[in-house]
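Engineer: This structure is in structure tokens; I'll ask about it shortly.
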């Protein structure tokens, strides 16, 4: 499995688990906490490759590297969606 496929798959799984877990929490169904926790674990599959790509990218300025690092860590899948097209272009 190449890096882009892993990034895309883990990003998709994270988004689905987050949305489903949030729905379960709002509707007071069981396992809402479990789904949200699983989405945090699944986010490791795209955060780590994204961070490694940011650090190794020679074209990015320091301010951009800081912006993407903070975004990937704190905004998780929102920043992951925005970062995906560039990641795909560089790694495909």
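Values quoted throughout were computed directly from the atomic coordinates according to the rules given, and no laboratory measurement underlies them. All values reported here derive from a predicted model rather than from experimental measurement. All Cβ positions, glycine included, derive from the backbone under ideal geometry; neighbour counts span all protein chains shown.
Engineer: Using Cβ counts within 10 Å as a stand-in for footprinting exposure, how do 16, 72 rank, fewest first?
Structural biologist: Ordered by Cβ neighbours within 10 Å, fewest first: 16, 72.
Engineer: To continue, here is another question. When only alpha-carbon atoms are used, what values of Rg and Dmax, in angstrom, describe the chain?
Structural biologist: 14.3, 47
Engineer: Could you work out how far the C-alpha centroid of region 53-92 sits from that of region 17-39, in angstrom?
Structural biologist: 27
Engineer: Can you work out the FRET efficiency for the pair residue 66 and residue 37, with r the C-beta to C-beta distance and R0 = 35 Å, to the nearest 0.05?
Structural biologist: According to the calculation, E is roughly 0.80.
Engineer: Something else: Give me the number: length gained by fully extending residue 55 to residue 16, i.e. 0.36 nm times residue separation minus the C-alpha to C-alpha distance, one decimal in nm.
Structural biologist: In short, 11.3 nm is gained.
Engineer: Using the per-residue mean of other Cβ atoms lying within 10 Å as a proxy for protection, in what order, highest first, do the peptides 73-82, 18-27, 38-47, 53-62 fall?
Structural biologist: Peptide ranking by packing, descending: 38-47, 73-82, 18-27, 53-62.
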